[in-house]
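Okay, structure first, notes after.
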Amino acid sequence: MEIKVKYPTPENFTKFGTIVVPSFKESPATFSENHNYWHNVADISQLGEEGTVGFLEIKKKEREFVLDKAERHKYALETFIPTSGVGIFCLAPATPDKDVPDISSFEAFWIDGTASFFLAPGVWHWLPFTLTPEMKFILLLKKSTVEKDLEIVDLPEKVKIVLTK
């Protein structure tokens, strides 16, 4: 017996489950000059009614390594699973009693595909900075996150990211 190798598509993969591919016909749920994000791109209802999968693509643009905004999701975790690219992810611990993160608590982490990031509820973060032409991520989060649990703030002071070895 022989089988031919084929590129997986949503149509030819349905009997096995769901695949997430970076070519979406729908408009992104959120976007900017640096990113596109498609929400609810795969059904993971077997894990419970609240979970969903998103796809995040970040394009390299002229972007200073300066953090001036942060976001958090107070009520749910968010998982970033890198599928391509290298970059930097800035995070600050949750501040349940404050409306902004503690600037001095930010830390920057390399993203190179060797680790996935499961952020606890309330952890402050922002769009990763890409060092390669683009970065792509699968995101796991609650279906209601974009509509009901997305808080974005301007930081009171800019945070400069320093690249070191």
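The values are calculated or read from the model by the stated rules, or taken from the named source; none is laboratory data. Fair warning: this is a prediction, and the values are worked out from it, not measured in the lab. Don't worry about glycine lacking a Cβ; one is built from the backbone with ideal geometry, like all the others, and counts go over all protein chains shown. Surface accessibility is based on the protein's heavy atoms, side chains included, excluding ligands, DNA and RNA. Shrake-Rupley method; radii C 1.70, N 1.55, O 1.52, S 1.80 Å.
Some notes on this structure:
- Long-range amide H partners of Leu67 with built H, under 5 Å: Val159, Lys160, Ile161
- Phi-derived couplings, Karplus 6.51 cos²θ - 1.76 cosθ + 1.60 at θ = phi - 60°, listed residue by residue for region 113-128: x, 8, 9, 9, 10, 9, 7, 5, x, x, 5, 7, 7, 8, 3, x Hz, with x used for Gly and Pro.
- Cβ charges +1 (Lys, Arg) and -1 (Asp, Glu), total dipole of region 64-165, debye: 240
- Backbone HN-Hα couplings from phi across region 70-81 [Karplus 6.51/-1.76/1.60, Hz, Gly and Pro as x]: 8, 10, 8, 10, 5, 10, 8, 6, 9, 10, 10, 10
- Around the amide H of Ser84, modelled in the peptide plane, lie the amide H atoms of Lys136, all under 5 Å away and 5 or more residues distant in sequence or on another chain.
- Residues whose placed amide H lies under 5 Å from that of Gly54, excluding near-sequence neighbours: Asn40, Val41, Leu139, Leu140, Leu141
- Carbon/sulfur fraction of accessible area - region 78-165, other protein chains in place, 1.4 Å, %: 57
- A simple spin-label model places the labels of Lys74 and Lys60 3.9 nm from each other, with each point 7 Å out along Cα-to-Cβ.
- Under 12 Å from a label point set 7 Å out along the Cα-to-Cβ vector of Ser84, the amide N atoms of region 135-159 belong to 135-137.
- Label separation (Ile161 vs Lys98): 2.1 nm, computed from points 7 Å beyond Cα along the C-beta direction.
- Normalised by 2.2 N^0.38 Å, where N counts its residues, the alpha-carbon radius of gyration of region 53-165 equals 1.02.
- Distance between the 7 Å Cα→Cβ label points at Val153 and Trp110: 3.1 nm.
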